[in-house]
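Undergrad: Got a structure for you, written out below as structure tokens; questions coming shortly.
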Amino acid sequence: MAGAEWSTQQLAEFIGAVSVADNEATAALAAVERAAELLDADAAAIVAGGEIIAAVGYPEGAAPVADLEAVRPGVAGFLLEVPGVGPCASTAVTLEHPPASTLVVARAGVDGLTPEEAGLLRGMARVAALTMRMLRVLDEEREAREGLEELAGQQAALRRVATLIVSGVQPSAVFDAVAEEVGHVIAAADVTLVGRYDAHGAVEFVGGWSREGDPSFVGSRVSLGGHNVATLVLERNIPARVDHLTEEATAATALAREWARSAVGAPINVEGRIWGVVTVGSMQPDGLPPGIERQLADFTELVATAIANAQAREELRTIADEQAALRRVATLVAEAAPPEAVFTAVAEEVHRLLHADETGLSRYDPDGLWTVLAVRGAMTDSMPIGFRLDPGPSMPGVAQLLSGHSVRVDAPPTGTLADDLIRAEDLQAWVASPIVLMGRTWGQVAVFSRHGPLPTGAEERLGHFTELVATAIANAQAREDLRTIADEQAALRRVATLIAAAAPPEEVFTAVAEEVGRLLSPDRAYVGRYETDDTMTHVASWSSTGENLPVGIRAPGGAGTVSGLVRETGRPARVDRYAGDMYAAAREHGIGSAVAAPITIEGRPWGVIGVASTSEEPPPTGTEERLAKFTELVATAIANAQAREELRTVADEQAALRRVAMLVARGLAAAEIFDAVVKETRAVLGVDSVALLRPESDGTVAVLAVHSTHPEPPGIPVGGRFTPEPNGVIEPVLRTGRPSRIDAPEGNVGRMAQLLRVGGNRGAAGAPIVVEGRPWGVMLAVWKQAGALPAGGEGRLVQFTELVATAVANTEAQAELTASRARIIATADETRRRIERDLHDGLQQRLVSLALQLRAAQAVTPPDLDELVGELDDVVRGLNVTIDELREYARGIHPAILAEGGLAPALKSLARRSALPVELDVRAEKRLPQPIEVAAYYIVSEALANAAKHAEASSAAVEVEAADDVLRVFVRDDGVGGADFGRGSGLVGLRDRVETLGGRLTLHSELDAGTSIEVKLPLRDESRPAPG
Amino acid sequence: MQPTRWVGVGSAGGPAEGAGAHATDEALLAEDAKLLIVFCSPTFDLPALIRGIRTRAGDVPLIGCTTAGEIVATGPRDASVVVTAFGGDGFAVETACAKGASRDLREAGATAARCVPARTDLPHKALLLLSDGLAGDQQQIVRGAYGVLGAGVPLVGGCAGDDLKMTRTFQFHDDEVLTDAVVAAGIASDAPLGIGVHHGWRRVGQPMLVTSSAGTRVFTLDDGPALDVYLAHLGLDQPADGDREWLARLALTHPFGLSRPGGEEKVRLISGGDFGDRSLSCVAEVPQGALVWVMEGDEESVLEATEAAAGASVAALDGRPPLGMVAFDCIARRGVLGDAGIRVEIDRLAALAAGAPIAGFYTYGEIARTRGVRGFHNQTLVVLSVA
């Protein structure tokens, strides 16, 4: 066959293949394929401007555009490496269309095309280019025409839809309209759908159109997934196309009952978020021309606008509704309405707002059950307020709610509650939002639907209400807490005021029991005091029924009781259920459970404040702490009362003791002190009689003093004697030296007790008076009222007996001292008198004798011995002087004239001998006791000597007067004064002498005012212990 | 250690499920099968047959098709099943399937082609295609596959048959029994895969110009009604009753040949004629403007082609002995050779296979693309030798 013929035939074949192409791209592909086939090439391509228009011979998408473009038309020798073939001689020819394009063929080997083949290639290139250009023009014209028609139709369609939207119809109407318009505008469409994505991976078809007029799929929901446009659009949020839909993919998008073979979808974006999809389906595999995506986009925008409008309207209305509802609830909350009212309001508002079929507000109880607090819907009957339901372990979403998160259940769930609900109420879905209080889930508000899932966002909207509920509860609790605190504070203040007002503890106890009763609303409240046995005395009690237990009754307070527990631990305690022995005891008292807090005084358990419940329900938690606030007050009251009492007692006692001590110190006569002591002791101890007894050597006791409240003191009068009962009160005191006591209640059959009772007495106590380690006497207290002297009160008796002992000891010591000093002075006086007598009778007499003998010798001395006579005369004269001096000396030691003539002559002699002129006035004619006379003599003697020697006085006066059993001696001078006892004068010795005699010396010696000394000496000696 | 490779072939007849199981048992030489290729008669209960095979082979990738006669080393068969197994680490196989191929044969070819394992360690690759020969222009399938794979991966395979009923063929992919489908196995091997193709037809008389055609339909030749011009070239008159079977038998041994620049004609099987509009139908495109000849062959030329094709496939193994041989033999050749002839043909194949197992079937069209774009053949023997 000739080359030309061959080429013609090949070219004809090429033209035939290329000319059937109906668009430019197909023509290009046909051109390269046929060129390769006809030239037996391994690869061929049309490249233009860096792009592959069509290529064969390379793996898909891997044609080397740069290499291919490098092959230049009209230039031989290019080799291209074709994978799987190797080097291929390559030839390029220019194409007239597309612009700047070349057709390149590459054939294995290094030999280029023959001229004939090259010619064929050029021919094919020309055909291809012409065909492509023609198709382009046709395409463009067709597109333009179709575009215009489409545009007109589409614009009209869009306008109609827009008009609908503006008229504000429901979105569903817009969806159907859009579906229909799209169906009309897109000629290839067999079915159109408007779908809305939900949050659960499904698409709901809300509008649709079918060429067959049966869009029965509208309203259906289909799960997403797989290779279909609805899924692809959602995944990418751009238009998607699937040209060869599988049956499953078709079913997955519910495109039609029939098998749509291809589909295009475009996203509907509302407010920046993908809302849904408009889908067009065709029954043909490639039924949907390119560009549909763009057309769809115009409609999706309209749909979006319609939705946005509707949503805006709906949202506005919803928001307005919701805001109004929230405001109503918030107002309730702000008005401090009871939580129950808020619960009801919330249930109602939520029920209405969310179009719920059932709505419930429930509280999570600690036992795992839920208590219905508010309910709306048909379940009002089956689950009334207060109904307690068990959510069961597998209740879906409970854990989520407990962790504070909302729950949405769109499918009928399983679980105890769920089963019940489904069976009874046919509930399909619900949304619940937790009521979170202080970080803890307190309860929930739940809305239920019988008709598919609740609206999107229901969780958030519920959340707004649950927050209000939480606030209402918190407020109510806060108010309740506040009121409780205020009540408590008021109660505590009232009690504290009572205490401050020094109310008696009994009154405080009663007040506390009442306040606790009012505050804590128990069945019973009480204040109990521990007794030494395992019992507790009710010192105050309160009952909710008003039937208070009598004060003073004893109740068990040992192990197993709440009081026992408190006592054991020192802390508040509770017994929620009495058990064992205590159960019966508690039941007997009608008590089921109790809480008590300790009253501790000075670190020791004193008693309890308790509340008791007569029912099985124990007092609420926190009762312990609230009770404890009162226990301190009670303790304070008791301590205060005790302190006051003690203080008063101590003060009284101290006062009494001081008074007695004063008496003792004043050195009053023992009898006076004794009288005072018994009187004070009785008053301080608050007993009926107190007596001071002194044992006598004959085994009796003498009554030294007695004081009694009764005008007629019983028993033996002062001065009387009696024999104490053995083993009574007095005898043991004397025997043991320790206090003794006998209480004589009716039950005491002891003899002494009986004796006491005979006297109308109920008790007696005695304490020893111990002087210098020896029992000196007994102080006895007797009382008629039981308990008048508390246990241990006899110890206080001792304080007085000690004082008595001191008084006794003082009196005795004083007497002894005075006696001792008197003895000393008397001894000194006697010694002086003996010396004076000795001097007078001995030395003086011998000197006188000696002088007489000398005179005798002188007389016999010869006169010639004049010198000797003179000397003798001198000796005798000297001897007489010595005798005179001795006499004078002896007189100073003890004036003999005092002993011989008494005070008056002695004083006259003294005045005569004084170096000063002395005015003497003595009015004491009778002889006075010797110590008095001696004392008076020495006082005047010393005073005159001082006046002469130290006072530089010019004269002195002496007055002595004995009257009213007192000798008064007064000596006065006109000297310089300034004398005192500390100046080494003889004044100290004078005072000692005066005091020894029970007298008193007073010195007045102002400077330049002279000195006067006054001495008073008692002349009566009855109270003065006899010396010796 | 060298990766292992093995090829096993089993065949059986009888009830479908048992036959499938039996043939599979025979083919599975070892446990590490990578691919099963099933050729069977359309007379079987096909789902049961596949079930029988899968019962034994588990989920080993499977492709296959119905035939117009099966080929094994022992000879041609009818109403049987032939199972070929490729196994061992030296092979890597993926399969693909394009359903509804007639909607877009080119796209179906492309879809089927996207299964060649990207294994650089197994450098030798081929795509085995089995298609529905009644579904339209099979060259479009080749173009689609070539567009995806390029020149680097040879294509081999054939069109399914239905014992010459020319009504409906079936393709198999794993558990599925399909019609109007392209099934494919992308094979990667560490040893060469040799493909040979030859027909052995020769031109008869003068060429004719295709003056009017559309796709596989030829309306006029030399401006005359195609059927009449064709029959006239063969010196035959139209039978009075317009017997289609007569025409089919005649066309089987007298295909069109399209001239090619490279030398060997592209043979186009004529699948039938329309006595009404006097057109002819071919199993592949006969482009308008092309020159065609009526072709004919005799036993000798056909058998020479057999040796040429099989020899070329073995020669492509770089001197390695074949592990197995898969033949795609045009049903027309069977018509030319007759029963005795095809026995001889298979003996010659067996001789070249040198003891390696042989499997194959009589096809309605053959695919062999080793060079260039063209790859669909008629009246041809295509042999795949596996080393």
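The values are calculated or read from the model by the stated rules, or taken from the named source; none is laboratory data. From a predicted model like this one, the values you see are computed outputs, not experimental measurements. Virtual Cβ from ideal backbone geometry, glycine too; neighbours counted across all protein chains shown. For the accessible areas, the whole protein counts, side chains as well, though only heavy atoms, and no ligand, DNA or RNA atoms are used. Shrake-Rupley method; radii C 1.70, N 1.55, O 1.52, S 1.80 Å.
Undergrad: Say each of A:Val875 and A:Asp139 gets a label point 7 Å from the Cα, pointing the same way as Cα to Cβ; how far apart are those two points in nm?
TA: Distance between the two pseudo-spin positions: 19.6 nm.
Undergrad: Could you work out the longest stretch of chain B that avoids the GluC sites (Glu not before Pro) located in DSSP loops with at most 16 other Cβ atoms within 10 Å?
TA: Longest run free of exposed loop sites: B:32-263.
Undergrad: Can you give me the angle between helix A:171-185 and the longest principal axis of chain A, using Cα atoms only, in degrees from 0 to 90, rounded to the nearest 10?
TA: 20
Undergrad: Next question, about the same structure. Please compute the average number of Cβ atoms from other chains found within 10 Å of each residue's Cβ in peptide B:136-147.
TA: Mean number of neighbouring Cβ atoms from other chains: 3.
Undergrad: When the Karplus curve 6.51 cos²θ - 1.76 cosθ + 1.60 is applied with θ = phi - 60°, which whole-Hz ³J(HN,Hα) does each residue of the stretch A:276-289 get, with x for Gly and Pro?
TA: x, 8, 9, 10, 10, x, 10, 7, 8, x, 10, x, 10, x
Undergrad: Right, next: Charges at C-beta only: +1 for Lys and Arg, -1 for Asp and Glu. How large is the resulting dipole of the stretch A:285-395 about its Cα centre, in Debye rounded to 20?
TA: With only Lys, Arg, Asp and Glu charged at Cβ, the dipole is about 300 debye.
Undergrad: Then there is this: Is the stretch A:721-878 rounded, prolate or oblate when judged by the Cα gyration tensor, a ≥ b ≥ c being the square roots of its eigenvalues, rounded requiring a/c under 1.5 and prolate requiring a/b larger than b/c?
TA: prolate
Undergrad: Would you calculate, for chain B, the mean residue ellipticity at 222 nm contributed by helices, counting each DSSP H stretch of 4 or more residues as -39,500 (n - 2.57) and dividing by all residues, to the nearest 500?
TA: -8500 deg cm²/dmol
Undergrad: Hey, another quick one. Under a straight-distance cross-link criterion of Cα-Cα below 17 Å, which lysines are reachable from A:Lys908, leaving out those fewer than 8 residues away in the same chain?
TA: Leaving aside lysines fewer than 8 places away in the same chain, those within reach of A:Lys908 are A:Lys926.
Undergrad: How large is the dipole of the stretch B:241-373 about the Cα centre if only Lys and Arg carry +1 and Asp and Glu carry -1, each at its Cβ, rounded to the nearest 20 debye?
TA: For the stretch B:241-373, the charge dipole is close to 480 debye.
Undergrad: If you take each beta carbon of peptide A:9-18 and count the beta carbons of other chains within 10 angstrom, what is the mean?
TA: Mean number of neighbouring Cβ atoms from other chains: 6.
Undergrad: Before rounding to the nearest 500, sum -39500 (n - 2.57) across all DSSP H runs of length at least 4 in chain A and divide by the residue total; then give [θ] at 222 nm in deg cm²/dmol.
TA: -16000 deg cm²/dmol
Undergrad: Right, another one. What is the stretch B:68-143 by shape, rounded, prolate or oblate, if you read a ≥ b ≥ c off the alpha carbon gyration tensor as root eigenvalues and call it rounded for a/c under 1.5, prolate for a/b larger than b/c, and oblate otherwise?
TA: Taking the square roots of the gyration eigenvalues as a ≥ b ≥ c, the stretch B:68-143 is oblate.
Undergrad: What figure in square angstrom, to the nearest 10, would you give for the accessible area of B:Tyr362 with a 1.4 Å probe?
TA: 0
Undergrad: So what's the gap between the Cα centers of the stretch B:183-206 and the stretch A:852-875, to the nearest angstrom?
TA: For the stretch B:183-206 versus the stretch A:852-875, the Cα centre distance is 211 Å.
Undergrad: For the stretch B:29-159, what number results from the quotient of the Cα radius of gyration and 2.2 N^0.38 Å?
TA: Rg over 2.2 N^0.38 Å, computed on Cα atoms: 1.09.
Undergrad: Here are some pairs, B:Lys34/B:Lys266; B:Lys99/B:Lys125; B:Lys34/B:Lys165; B:Lys99/B:Lys266; B:Lys125/B:Lys165; which of them have Cα atoms lying more than 31 Å apart in this structure?
TA: B:Lys34/B:Lys266; B:Lys34/B:Lys165; B:Lys125/B:Lys165
Undergrad: Can you give me the C-alpha center-to-center distance between the stretch A:299-366 and the stretch A:434-491, rounded to a whole angstrom?
TA: The distance from the Cα centre of the stretch A:299-366 to that of the stretch A:434-491 comes to 15 Å.
Undergrad: Compute the separation of the alpha-carbon centres of the stretch A:92-123 and the stretch B:1-71 and state it in Å as a whole number.
TA: When both Cα centres are located, 48 Å separates them.
Undergrad: For B:Glu176, what is the net charge nearby, where nearby means another residue's Cβ is under 12 Å from its Cβ and Lys, Arg count +1, Asp, Glu -1?
TA: That sum, taken over residues with Cβ under 12 Å, equals +1.
Undergrad: Determine the shape class of the stretch A:559-621: with a ≥ b ≥ c the square roots of the Cα gyration tensor eigenvalues, call it rounded for a/c under 1.5, and otherwise prolate if a/b is greater than b/c, oblate otherwise.
TA: Verdict is prolate for the stretch A:559-621.
Undergrad: What residue among B:Ala118, B:Ala332, B:Ala308 shows peak mean-square fluctuation when chain B is described by a Gaussian network model with Cα springs under 10 Å?
TA: B:Ala118
Undergrad: Can you find, among A:Thr621, B:Ile37, A:Ser167, the residue sitting farthest towards the positive end of the charge dipole of the protein assembly as shown, where Lys and Arg contribute +1 and Asp and Glu -1 at Cβ?
TA: A:Thr621
Undergrad: Using a 10 Å cut-off on Cβ to Cβ distances, tally the other chain neighbours for every residue of A:19-25 and report the average as a whole number.
TA: Mean inter-chain Cβ contacts per residue within 10 Å come to 1.
Undergrad: Please report the orientation-averaged projected area of the protein assembly as shown, defined via the convex hull of its C-alpha atoms, in nm².
TA: In nm², the orientation-averaged hull projection of the protein assembly as shown is 117.7.
Undergrad: Treat every Asp and Glu Cβ in chain A as -1 and every Lys and Arg Cβ as +1, leave all other atoms uncharged, and give the resulting dipole magnitude about the Cα centre to the nearest 20 debye.
TA: 5460
Undergrad: Kindly tabulate the residues in the stretch A:265-303 with an accessible-area decrease of at least 20 Å² between the chain alone and the assembly of all protein chains, using a probe of 1.4 Å.
TA: Checking the loss per residue gives A:Pro285.
Undergrad: Quick one: helix A:670-685 against the long Cα principal axis of chain A, what's the angle to the nearest 10°, folded into 0 to 90?
TA: Around 20 degrees separate the two axes.
Undergrad: Can you find, among A:His244, A:Leu193, A:Leu224, the residue farthest towards the positive end of the dipole of the stretch A:168-248? Put +1 on the C-beta of Lys and Arg, -1 on that of Asp and Glu.
TA: A:Leu224
Undergrad: Please check: in the Gaussian network model of chain B (C-alpha springs, under 10 Å), which one of B:Ala309, B:Ala188, B:Ala48 has the largest mean-square fluctuation.
TA: B:Ala48
Undergrad: Could you rank A:Asp243, A:Asp866 by how accessible they are, 1.4 Å probe, largest area first?
TA: The most accessible residue leads, giving A:Asp866, A:Asp243.
Undergrad: By accessible area of protein heavy atoms, probe 1.4 Å, what ranking do B:Arg343, B:Arg244, A:Arg554 get, highest first?
TA: B:Arg244, A:Arg554, B:Arg343
Undergrad: Percent of Cα-Cα pairs per 10 Å bin, from 0 to the last occupied bin, for chain B, please list those.
TA: It works out to 6, 26, 35, 23, 8, 2, 0, in whole percents.
Undergrad: Follow-up. Would you mind telling me which residue in B:Pro154, B:Pro15, B:Pro42 has the biggest mean-square fluctuation in a Gaussian network model of chain B, where springs connect alpha carbons within a distance under 10 angstrom?
TA: Among B:Pro154, B:Pro15, B:Pro42, the largest mean-square fluctuation in the Gaussian network model of chain B belongs to B:Pro15.
Undergrad: A follow-up question, please. Could you work out the mean projected area of the convex hull around the alpha carbons of the stretch A:167-239, in square nanometres to one decimal?
TA: Averaging across all directions leaves 5.7 nm² for the Cα convex hull.
Undergrad: Follow-up question, since we're still on this one. With a cap of 14 neighbouring Cβ atoms within 10 Å, and only residues DSSP puts in a loop, list the chymotrypsin sites (Phe, Trp or Tyr not before Pro) found in the stretch B:133-213.
TA: none
Undergrad: Could I ask something else about it? Out of B:Ile367, B:Ala310, B:Val336, whose Cα points farthest toward the positive end of the dipole of the stretch B:288-375 (charges: +1 Lys, Arg; -1 Asp, Glu; placed on Cβ)?
TA: Checked the options; the winner is B:Ile367.
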